[in-house]
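The values are calculated or read from the model by the stated rules, or taken from the named source; none is laboratory data. Just so we're clear, the structure is a prediction, and the values are computed from it rather than from any experiment. No Cβ is skipped: glycine too gets one built from the backbone with ideal geometry, and neighbour counts run over all protein chains shown. All accessible areas refer to the heavy atoms of the entire protein, side chains included, with ligands and DNA or RNA removed. Shrake-Rupley method; radii C 1.70, N 1.55, O 1.52, S 1.80 Å.
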Amino acid sequence: TACSSKYVLSQMHPMWQGPLAVPGGDRQSPIDIVVRKSIFDSKLKPLVTKYDPHTCQQIWNNGYSFLVEYDDTTDKSTLQGGPLEDKFRLCQFHFHWGETNAWGSEHTVDKKLFPAELHLVHWNSDKYSLFEEAVMEDNGLAVIGVFLKVGKRHEGLQKLVDALPAIRHKDSVVEFNRFDPGCLLPTNTDDYWTYHGSLTTPPLTESVTWIIMKQHIEVSHDQLAVFRSLLFTSAEEDMQKSMVNNFRVQQPLRGRAVRSSFS
Ligand SMILES: NS(=O)(=O)c1nnc(N(Cc2cn(-c3ccccc3)nn2)Cc2cn([C@@H]3O[C@H](CO)[C@@H](O)[C@H](O)[C@H]3O)nn2)s1
Ligand SMILES: [Zn+2]
């Protein structure tokens, strides 16, 4: 019977059927970026990222995505500049993707969907001493979003892709070191959109300065297919569900301005 064989279903994870909008939330993410309504701000500076590959610690499947976690006990891997006043520490990066290449990103540009989106999560280490503190504050977090397109193979990503079979199930972890997240940024990091929003997974706190790169990166069809071989479910569960469509539905702009660093 179905319950005895471990067959794989690709379906919306209950989490994403969760709160469509946080009650009273007026700066929720993700959003559609309407290019012609974005406002050029000449005061926006280039991003300054200083990532130390040695602070990379582990890669794990948290049941929503897979996270590459960094040692954020010192200012070794940081982000500053751009729209930011303070220095922010990298704590992790992860991705969101679809079950096909037709969709998967959380943000869109003039409604254009991308097959996947990378998020590099940082917290304000000038003002707070722990992620848990920063995540509750207006200016606590900064997340860089990078769109992925299907094209040529991404050599830097392959090391990460090769580690995924070891973390197929929820809560599996493997040691992962010496990975430079800078290799996942596009060549041009001067052109971006920025707006004030929220985490796109619970607790959905409205503490994120979003920095969405205008330039995408390319990964191969096969590399994305390995993302889809991950499972939402743990090894013990009977019904294995493939980890796909792990993106949140888009949220109302509520009058927020989206600024661009380029005209
Ligand atoms: N789609 S996205 O908008 O970008 C993101 N969506 N969620 C993200 N994270 C998960 C998360 C955890 N918490 C949280 C809030 C209050 C108390 C405890 C945890 N909020 N968001 C970001 C994230 C943080 N972490 C790790 O959380 C630990 C505390 O649980 C902390 O000690 C580590 O330093 C840090 O790395 N993992 N993920 S991002
Ligand atoms: Zn994310």
Please work out the C-alpha center-to-center distance from segment 82-103 to segment 112-144 and express it in whole Å. 8
Compute log10 of I(q)/I(0) for segment 67-199 with the Debye formula, placing one identical point scatterer on every Cα and leaving out solvent, at q = 0.17, 0.18, 0.20 Å⁻¹, to two decimals. -1.07, -1.19, -1.40
Can you give the accessible area of Y128 in Å² (nearest 10), computed on protein heavy atoms with a 1.4 Å probe? 40
Pull out the extension gain between A102 and V48, defined as 0.36 nm times the separation in residues minus the alpha carbon to alpha carbon distance; nm, one decimal. 16.2 nm
Tell me, what % of the accessible area of segment 144-263 is carbon and sulfur with a 1.4 angstrom probe? 52
The chain, Kirkwood Rh and Cα Rg, ratio Rg/Rh at 0.95
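For segment 152-263, just say rounded, prolate or oblate: build the C-alpha gyration tensor, square-root its eigenvalues into a ≥ b ≥ c, call rounded for a/c under 1.5, and beyond that prolate if a/b exceeds b/c, oblate if not. Could you put the intermediate results ahead of the total?
Working: a/c = 2.32, a/b = 1.37, b/c = 1.69.
Note, shape of segment 152-263 comes out oblate.
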What accessible area, in Å² to the nearest ten, does a 1.4 Å probe give for W210? 10
Protection proxy ranking of 117-124, 162-169, 143-150, 32-39 - average other beta-carbon atoms within 10 Å, highest first: 117-124, 143-150, 162-169, 32-39
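What 222 nm value per residue comes from the helices of the chain, counting each DSSP H run with n ≥ 4 as -39,500 (n - 2.57) and dividing by all residues, nearest 500 deg cm²/dmol? Don't skip to the end; give the middle numbers.
Details: 3 runs with 18 residues, N = 263.
Helices in the chain give a 222 nm mean residue ellipticity of -1500 deg cm²/dmol.
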Classify segment 145-201 as rounded, prolate or oblate from the Cα gyration tensor: take a ≥ b ≥ c as the square roots of its eigenvalues, call it rounded if a/c is under 1.5, otherwise prolate when a/b beats b/c and oblate if not. oblate
Taking 0.36 nm per intervening residue step and subtracting the Cα-Cα distance, what contour gain separates V173 from E218 on full extension? 13.6 nm
Once amide H atoms are placed 1.01 Å from N in the peptide plane, what residues at a sequence separation of 5 or more from Y128, or on another chain, have their amide H within under 5 Å of its amide H? none
Sequence-distant residues sharing a close amide H with F179 (under 5 Å, placed H): C56
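Could you calculate the contour length gain from T74 to D180, that is, 0.36 nm times the residue separation minus the distance between their Cα atoms, to one decimal place in nm? Could you put the intermediate results ahead of the total?
Numbers: separation 106, 0.36 × 106 = 38.16 nm, distance 1.66 nm.
My answer for the length gained is 36.5 nm.
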In nm, to one decimal, how far is the L130 label point from the R36 one, both placed 7 Å along Cα→Cβ? 4.9
